[in-house]
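Below is one structure, written out as structure tokens, with a few remarks after it.
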Amino acid sequence: MITSCSDFQKVVKGDDYEEKFLQANRFYDNGSYTKALTLYEQIYQRFPNTDKGQVSYYRIAKSYFAEKDYYMAGYYFNQFAIRYPTSENAEEALFMTAICSVKNSPNASLDQEETELALNDLQMFVQRYPQSELIDSCNRTMDRLRYKLEKKRFEAVQLYDKMEQNRAAVASSKSFLDEYPRSVFLEEAALIQFQNAYSLAMKSVLSKKKERIENAMELYAKYSYLFEDESYANRTRRYNDNLANELIFVAEQYEYNDIAEAYALSNSSSEQKKVYYLEETIKRFDNFAKKYPNSTLLEKARVFHRKAEKELTNS
């Protein structure tokens with residue numbers, strides 16, 4: 001029978017360490033881990049370098065684990081492996097150190113610092129005991145933890161997408177795809193990257209539009225095989241067609257601006273420069289008219305052409 005509360009206090013306050021060890025083992029075997037901890041800690045402090053001290057220290061770790069205090073259990077398991085490296089329990093203690101870190105790993109939606117720590121602890125165990133029977137268990141656990149980190153990263157990508165922060169969504173999805181090229185979220189991440197690159201390009205100022213359109217079209221070309229699903233195909237193809245049309249318009253706009261710029265530069269005090277830029281205005285217009293005969297900017301461009309011709313005649 002386990003001793004009563006008053007008897008337990010007598011054992012705690014007493015000097016009979018054989019009795020303490022006997023009672024600690026009884027408490028431990030019967031699941032009274034809090035009482036067992038109290039006695040094992042006394043025994044270890046008194047006899048740290050004995051077999052009883054070693055058993056006590058190991059069972060302190062096991063008791064904390066049983067009580068689901070994984071931080072304290074992890075500390076004691078880790079210290080056991082350091083203090084008793086030749087013990088037959090050293091391998092299990094290092095493994096349990098990692099398992100405590102795994103237990104402290106939170107849901108994917110929370111900060112994953114503990115998950116990173118758990119992965120490090122598991123990798124340390126694998127490096128220390130490469131032939132251990134526990135290696136398969138370690139590998140399965142590491143796969144599960146890596147998936148959690150992967151999911152956490154993807155959720156960040158999704159958040160930028162939902163908030164319509166196009167630039168951040170493009171950058172975060174690119175980083176995700178670079179880090180997890182075989183991810184189960186590959187298709188969704190690629191779609192988010194392309195759609196946000198599309199939105200960013202279409203909303204950009206003219207000076208940045210050409211580069212961003214080309215970047216978005218490169219993404220479509222790179223990942224179009226992922227968009228063959230009917231739920232994506234029509235939309236992504238339409239976006240890519242819009243980009244191609246917008247790129248043509250941007251090229252028109254650039255060349256129209258070149259005409260306007262040449263005419264503006266003709267307003268010079270130097271007669272030589274004035275004539276050069278008036279002629280350049282006419283030349284650029286002629287190229288523009290041949291290249292874009294149906295452009296909506298043609299009439300506006302023709303105004304510069306007429307002015308340039310008139311001023312050249314009067315020069």
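For the stretch 134-263, with every protein chain kept in place, what is the accessible area per residue (1.4 Å probe, Å²)? Display every interim value, and only then the final one.
Details: 7270 Å² over 130 residues.
Each residue of the stretch 134-263 exposes 56 Å² on average to a 1.4 Å probe.
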Checklist entry - Over the heavy atoms of K283, what accessible area does a 1.4 Å probe trace out, to the nearest 10 Å²? => result 110
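What percentage of the solvent-accessible surface of the stretch 83-140, computed with a 1.4 Å probe over protein heavy atoms, is contributed by carbon and sulfur atoms? Please list the in-between numbers first.
Values: 1470 of 3320 Å².
Looking at the stretch 83-140 in its full context, I get 44 percent from C and S.
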Item to check | Fluctuation leader among D241, D229, D121 - the chain, Gaussian network, Cα springs under 10 angstrom | outcome: D229
Next on the checklist: Give me the count of lysine pairs in the stretch 197-287 whose alpha carbons sit under 24 angstrom apart, restricted to pairs 8 or more positions apart or on different chains.
Outcome noted: 7
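Any idea what the alpha-carbon Rg over 2.2 N^0.38 Å comes to for the stretch 175-229? Write down the numbers at each step before the final one.
Details: Rg = 12.0 Å, N = 55, 2.2 N^0.38 = 10.1 Å.
For the stretch 175-229, the normalised Cα radius of gyration comes out at 1.19.
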Next on the checklist: Counting heavy atoms of the protein chains only and a 1.4 Å probe, report the per residue accessible area for the stretch 29-130 as a whole number of Å².
Outcome noted: 52
Next on the checklist: So if I take the centroid of the Cα atoms in the stretch 199-241 and the same for the stretch 124-184, what is the distance between those two points in Å?
Outcome noted: 26
Checklist entry - Roughly how tilted is helix 186-203, in degrees to the nearest 10 and between 0 and 90, from the longest Cα axis of the chain? => result 40
Item to check | Nearest 10 degrees, 0 to 90: helix 230-265 Cα axis against the chain principal axis | outcome: 50
Checklist entry - Using only helices, what value at 222 nm comes out for the chain when you add -39,500 (n - 2.57) per DSSP H run of length 4 or more and divide by the total residues, to the nearest 500 deg cm²/dmol? => result -26500 deg cm²/dmol
Next on the checklist: Ignoring solvent entirely, what values of log10 I(q)/I(0) come out of the Debye formula for the stretch 238-315 at 0.15, 0.16, 0.17, 0.22 Å⁻¹ when each Cα is a single scatterer?
Outcome noted: -0.52, -0.58, -0.63, -0.90
Checklist entry - lysines within cross-link reach of K13: Cα-Cα under 19 Å, excluding same-chain residues under 8 positions apart? => result K35, K52
Checklist entry - Ordering E114, E67 by how much accessible area each has at a 1.4 Å probe, largest first, what is the list? => result E67, E114
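Using a cut-off of 15 Å between beta-carbons, work out the net charge of the residues near Q127 (Lys and Arg +1, Asp and Glu -1, Q127 not included). Mind dumping the intermediate values first?
On the way: positive: R128; negative: E91, D121.
The answer is -1.
For the stretch 203-300, what relative contact order do you get, as a whole percent, if you take Cα pairs closer than 8 Å and at least 6 residues apart? Mind showing how you got there, number by number?
Details: 56 pairs, mean separation 23.0, N = 98.
After rounding, I find 23 percent.
State the extension gain, in nm to one decimal, for the chain segment bounded by R128 and V303, taking 0.36 nm per residue of separation less the distance between their alpha-carbons. Mind showing how you got there, number by number?
On the way: separation 175, 0.36 × 175 = 63.00 nm, distance 7.98 nm.
The span from R128 to V303 would gain 55.0 nm if fully extended.
Determine one quarter of the surface area of the Cα convex hull of the stretch 115-265, which equals its mean projected area, and express it in nm² to one decimal. Mind showing how you got there, number by number?
Details: hull surface 50.5 nm².
Answer in nm², one decimal: 12.6.
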Next on the checklist: How big is the stretch 18-78 along each principal axis, measuring the range of its Cα positions in Å and listing the largest first?
Outcome noted: 29, 24, 13
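Quick one: pull the percentage of alpha-carbon pairs in the stretch 63-114 with a separation above 13 Å. Write down the numbers at each step before the final one.
Details: 743 of 1326 pairs.
Summing the P(r) tail past 13 Å for the stretch 63-114 gives 56 percent.
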Checklist entry - Given C-alpha coordinates of the chain, what is the ratio Rg to Rh with the Kirkwood estimate of Rh? => result 1.39
Item to check | Label-to-label distance, nm, for residues given as N30 and F47 (7 Å Cα→Cβ offset) | outcome: 2.2
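The values are calculated or read from the model by the stated rules, or taken from the named source; none is laboratory data. None of these values were measured; they are calculated from a predicted model. Note that each Cβ is placed from the backbone with ideal geometry, even for glycine, and that neighbours are counted across all protein chains shown. When the accessible area is computed, the model is the full protein with side chains, heavy atoms only, and any ligands, DNA or RNA have been set aside. Shrake-Rupley method; radii C 1.70, N 1.55, O 1.52, S 1.80 Å.
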